[in-house]
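Nothing in this text is a laboratory measurement; each read-out follows from the coordinates by a stated rule. These numbers were taken from a predicted model, which means no experiment stands behind them. A quick note on method: Cβ atoms are made from the backbone with ideal geometry, for glycine too, and the neighbour counts reach across all protein chains shown.
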Amino acid sequence: MSTVNLCESVAVVPPALDACPEILRWLVDADSVPADAEAQRLRQQRLAELRRDHLVRPAIYIGAGTCGLGAGAQATMDAVRAYLDSHEMHADVVKTGCIGICSLEPVVDIQLPGRTRITFQQITAQKVSQLLDEVFAGRLPEAMVLGQHRHTTLTAWDDVPYLDEHPFFAPQTRWVLANCGLIDPAEIDEYIARGGYVALWKTLKEKTPDEVCEMVEASGLRGRGGGGFPTGTKWKFARKSGHHVPMVEDQKYLICNADEGDPGAFMDRAVIESDPHRLLEGMAIAAYAIGASKAYVYIRAEYPLAIKRLKAAIAQAEAKRLIGEQILGSSFSLKVIIKMGAGAFVCGEETALINSIEGRRGMPRPRPPFPAVSGLFGKPTIINNVETLANLPTLAYRGAEWFSAVGTKTSKGTKVFALSGKVSRTGLVEVTMGTRMRSIIFDIGGGIPNGKAYKAVQIGGPSGGCIPTQHLDIDIDYESLKTVGAMMGSGGLVVMDEETCMVDVAKFFMDFIQREGCGKCIPCREGTRRMLEILQRITRGRRKERGIEALERFQSVLHLQSLAESIRDTSLCGLGQTAPNPVLSTLRWFRDEYEAHIYDRHCPAAACAELVTYSIDAEKCKGCTLCLKKCPAEAIVGTLKAPHHIIVEKCIGCGSCLDVCRMDAISKV
Ligand SMILES: Cc1cc2nc3c(=O)[nH]c(=O)nc-3n(C[C@H](O)[C@H](O)[C@H](O)COP(=O)(O)O)c2cc1C
């Protein structure tokens with residue numbers, strides 16, 4: 001189909017080849033292959049250069065996402081440049097985003113002309129000289145090598161394992177993260193050369209907005225921001241609201257939700273920092289489908305690097321007519337505006353987010369009306385998460401059938417997770433829906449470090465729950481996660497080991513919600529405060545209690561459960577409705593820990609400082625008096641060269657004695 005009719009009276013101008021940036025034209029127009037062999041060769045050469053298949057000098061890629069920079073990537077980059085200068089060598093130094101294995105940053109890749117690209121781990125500035133000396137001499141320092149990239153046309157390095165066989169990468173399926181850590185996010189041509197914006201071209205040329213909504217619905221794509229609502233179905237609501245063709249008086253909006261407030265979540269930040277054009281292309285496809293001519297990216301100001309890279313990407317895409325006025329020469333236009341948020345968790349909730357963009361306090365509004373009917377400035381508005389939108393280029397390019405062939409019955413495609421906590425390899429992970437949680441933690445993450453035992457993984461942030469050992473084989477799927485009292489959430493996965501106290505975890509989340517909630521509705525504001533107070537009470541030290549206080553303590557579990565139900569049933573927005581989840585989930589799977597805190601005044605994980613006591617092993621103690629001198633509560637007694645003792649009633653559980661003891665004589669009880 002060449003001309004798209006959105007409604008009978010309006011003929012919409014389709015995209016035009018002559019409005020395409022040159023590289024994109026080569027990719028979308030098979031007929032444009034030049035007859036002239038030399039022209040053809042030059043074209044292939046340019047594409048190969050942009051894909052870095054064809055290098056004339058070495059390229060050194062440095063992972064410079066927030067994680068890489070935090071680990072010292074800037075100093076590494078400076079050291080690389082200084083080395084090249086001092087050795088009078090020429091090499092391209094390329095700033096990439098994050099490849100995903102954040103715990104091994106700074107990650108540096110080196111590619112010599114004609115050879116495959118090698119990834120090296122933990123290349124701090126001090127290691128640069130040794131690394132470059134070796135590589136330029138044709139040797140590879142084994143301890144620094146992570147793996148080599150598989151490439152059919154380049155010569156591989158003998159004996160170096162392929163990166164896609166590395167346990168961190170092998171179980172992954174990287175659709176959204178396909179380019180992350182591989183391309184320079186500041187170079188739009190690199191994105192295009194790898195097939196970027198082809199899906200947008202195809203969509204504008206071949207599909208009506210209604211057909212795009214149908215395709216997305218048929219694909220089974222569900223919102224990746226937490227709720228898991230079917231994306232195509234939501235778009236149809238907005239399409240049906242107002243007229244089919246956007247007019248000034250019939251404005252519709254698309255909002256990209258990049259607020260990402262869950263503790264432990266950094267997926268959206270990494271995607272924007274590493275591959276901003278994937279998001280912009282996805283936004284253009286979504287805006288076309290719903291009939292929006294204006295889009296906002298709502299992003300927290302704490303993400304300065306992502307904002308900088310997104311701004312640059314918008315300017316580049318506008319200059320090439322890939323967003324902005326008359327995209328690719330069609331009659332579809334889209335203005336993309338960045339709106340920075342101040343970083344309140346509640347502003348990720350869609351109606352609070354709308355308030356915030358409108359310049360009001362970030363407080364949720366009652367629904368209905370739903371934003372798809374009446375949202376930003378009272379106009380139909382679709383809000384989608386970064387990852388949802390970043391899925392669209394691949395989905396639109398490959399089609400609904402291809403997309404829906406991957407995953408489970410109700411959860412299609414892949415999901416990106418931010419893996420952190422007590423796990424050997426932390427980072428950004430993308431797996432197909434249906435992957436087992438055990439595989440993410442033990443295969444990809446490498447298991448629990450320091451010989452400790454796994455206890456739980458927290459998924460879904462403050463709205464989510466914990467998955468204990470007996471459910472580690474659960475599939476990643478929107479529905480199955482709910483059966484164990486957890487939820488998919490936006491992608492934060494925080495792993496906990498035997499030294500984590502689950503009551504303390506619940507207290508952390510309740511404290512977070514207290515500080516981050518907006519205070520508008522009473523059940524959430526007051527109810528979560530009461531829940532926090534109960535958790536504080538049961539993790540407090542063994543001080544003298546009045547009878548009524550002890551009684552209240554004994555009834556803590558009952559109080560927590562009844563408060564949880566009231567808050568869940570009566571709160572205004574999703575924040576309050578799901579706020580009790582971390583408590584309910586930890587109560588469900590770790591009730592014995594609650595009971596130990598409540599009845600025995602004991603923290604089994606020895607993590608709650610006020611409930612921990614210490615004891616001194618008389619056999620090991622040499623009476624050096626260090627602990628006695630350090631104890632701020634004067635709870636240690638003893639004389640020089642004789643074993644010391646702790647007066648449990650006086651001990652405040654600060655752990656200073658343990659820190660100073662050189663005889664390994666003190667232990668937590
Ligand atoms: C308290 C709260 C915070 C939220 N934070 C985010 C967020 O940071 N990012 C996000 O995409 N969705 C967040 N959501 C979900 C959004 O309200 C909304 O459902 C989502 O942006 C829709 O996009 P999707 O359908 O693509 O998932 C939050 C919801 C609640 C209740």
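From largest to smallest, what semi-axes in whole angstrom does the stretch 503-600 give when each is the square root of 5 times an eigenvalue of its alpha carbon gyration tensor? Present the calculation step by step, with values, prior to reporting the outcome.
Working: eigenvalues 108, 37, 27 Å².
So the three semi-axes of the stretch 503-600 are 23, 14, 12 Å.
Rounded, prolate or oblate: pick one for the stretch 120-219, where a ≥ b ≥ c are the square roots of the eigenvalues of its C-alpha gyration tensor, a/c under 1.5 means rounded, and failing that, prolate if a/b is larger than b/c, else oblate.
Prolate is the answer for the stretch 120-219, as a/c is 1.5 or above and a/b outweighs b/c.
For the ranges 267-273, 63-69, what's the packing order if you count other beta-carbon atoms within 10 Å of each residue, average per peptide, and put the highest first?
267-273, 63-69
Tell me whether the stretch 188-404 comes out rounded, prolate or oblate; compute the Cα gyration tensor, take square roots of the eigenvalues as a ≥ b ≥ c, and use a/c under 1.5 as the rounded threshold.
In terms of gyration-tensor shape, rounded.
When the Karplus curve 6.51 cos²θ - 1.76 cosθ + 1.60 is applied with θ = phi - 60°, which whole-Hz ³J(HN,Hα) does each residue of the stretch 307-324 get, with x for Gly and Pro?
Going residue by residue, I get 5, 4, 5, 5, 4, 5, 5, 4, 4, 5, 5, 5, 4, 9, 6, 9, 9, x Hz, with x marking Gly and Pro.
Set the Förster radius R0 to 22 Å, insert the Cβ-Cβ distance between residue 44 and residue 158 as r into 1/(1 + (r/R0)^6), and round the FRET efficiency to 0.05.
With a Förster radius of 22 Å, E is 0.20.
What is the sum of charges around residue 94, taking Lys and Arg as +1, Asp and Glu as -1, for the other residues whose C-beta is under 10 Å from the C-beta of residue 94? Spell out each step's value before the answer.
Numbers: positive: 52, 95; negative: 92, 109, 184, 187, 190.
With Lys, Arg at +1 and Asp, Glu at -1, the neighbours total -3.
Among 309, 222, 568, 41, what is the fewest-to-most ranking by other Cβ atoms within 10 Å?
Fewest to most other Cβ atoms nearby, the residues stand as 41, 568, 309, 222.
Let's see if you can work this out: charge +1 on each Lys and Arg Cβ, -1 on each Asp and Glu Cβ, no other charges. What is the dipole magnitude of the chain about its Cα centre, in debye to the nearest 20?
1680 debye
Of the listed peptides 135-141, 48-54, what is their order by residue-averaged count of other C-beta atoms within 10 Å, with the highest listed first?
48-54, 135-141
So what J values fall out for the stretch 517-522 if you push phi through Karplus, 6.51 cos²θ - 1.76 cosθ + 1.60 with θ = phi - 60°, rounded to Hz, Gly and Pro as x?
With coefficients 6.51, -1.76 and 1.60, one gets x, 8, x, 6, 9, 5 Hz.
Just need log10 I(q)/I(0) for the stretch 156-281 at q = 0.15 Å⁻¹, Debye formula, equal scatterers on the alpha-carbon atoms, no solvent, rounded to two decimals.
-0.98
Using only Cα atoms, locate the centre of the stretch 377-408 and the centre of the stretch 133-158, then give the distance between them in Å, rounded to an integer.
What the calculation gives is 37 Å, centre to centre.
Where does helix 73-86 land angle-wise versus the long Cα axis of the chain, in degrees 0 to 90, nearest 10?
Rounded to the nearest ten degrees, it is 60.
Determine the alpha carbon to alpha carbon distance for each of 95/308; 202/339; 311/335; 294/415; 415/452; 294/379 and list only those over 23 Å.
Those over the limit are 202/339; 294/415; 415/452.
Using Cβ contacts closer than 10 Å as the measure, can you line up 169, 345 from fewest to most?
If I rank by nearby Cβ atoms, fewest first, I get 169, 345.
Report, in degrees rounded to the nearest 10, the 0 to 90 angle that the Cα long axis of helix 209-219 makes with the longest principal axis of the chain.
50 degrees
Give me the net charge of residue 522's neighbourhood, meaning all other residues with Cβ under 12 Å from the Cβ of residue 522; Lys, Arg count +1, Asp, Glu -1.
Residues close to residue 522 contribute a combined charge of +3.
Can you compute the FRET efficiency between residue 599 and residue 620 using 1/(1 + (r/R0)^6), with r the Cβ-Cβ distance and R0 = 30 Å? Round to the nearest 0.05.
Working from the Cβ atoms, E equals 0.40.
Give me the net charge of residue 415's neighbourhood, meaning all other residues with Cβ under 12 Å from the Cβ of residue 415; Lys, Arg count +1, Asp, Glu -1.
0
Give the shape of the chain as rounded, prolate or oblate, defined through the alpha-carbon gyration tensor: a ≥ b ≥ c are the square roots of its eigenvalues, a/c under 1.5 means rounded, and otherwise the shape is prolate if a/b is larger than b/c and oblate if not.
oblate
Output the 0 to 90 degree angle, nearest 10, between the alpha-carbon long axis of helix 276-290 and the longest principal axis computed from the alpha carbons of the chain.
70 degrees
Please list, ordered by chain and number, the residues whose modelled amide H lies under 5 Å from the amide H of residue 616; skip anything fewer than 5 residues away on the same chain.
646
Separation between the residue 82 and residue 545 pseudo-spin-labels, each 7 Å from Cα along Cα→Cβ, expressed in nm?
The answer from the label model is 6.0 nm.
Search the structure for amide H atoms under 5 Å from the amide H of residue 16, placed 1.01 Å from N in the peptide plane, and list their residues when 5 or more places away or on another chain.
329, 330
Under a 5 Å amide H to amide H cut-off, with H placed in plane at 1.01 Å, what residues pair with residue 147 once short-range neighbours are removed?
Those qualifying (amide H under 5 Å, at least 5 residues apart or on another chain) are 119.
Per-residue HN-Hα couplings for the stretch 440-452, Karplus 6.51 cos²θ - 1.76 cosθ + 1.60 at θ = phi - 60°, whole Hz, x for Gly and Pro?
Computed from phi, the couplings for the stretch 440-452 are 5, 7, 9, 7, 6, x, x, x, 8, x, 6, x, 7 Hz.
In the stretch 291-429, what is the volume of the convex hull around the alpha carbon atoms, normalised per residue and reported in Å³?
Values: hull volume 24.9 nm³, N = 139.
Convex hull of Cα atoms, per residue: 179 Å³.
What spacing in nm lies between the two simple spin-label points modelled at residue 469 and residue 398, each 7 Å away from Cα in the Cβ direction?
Modelled inter-label distance: 3.7 nm.
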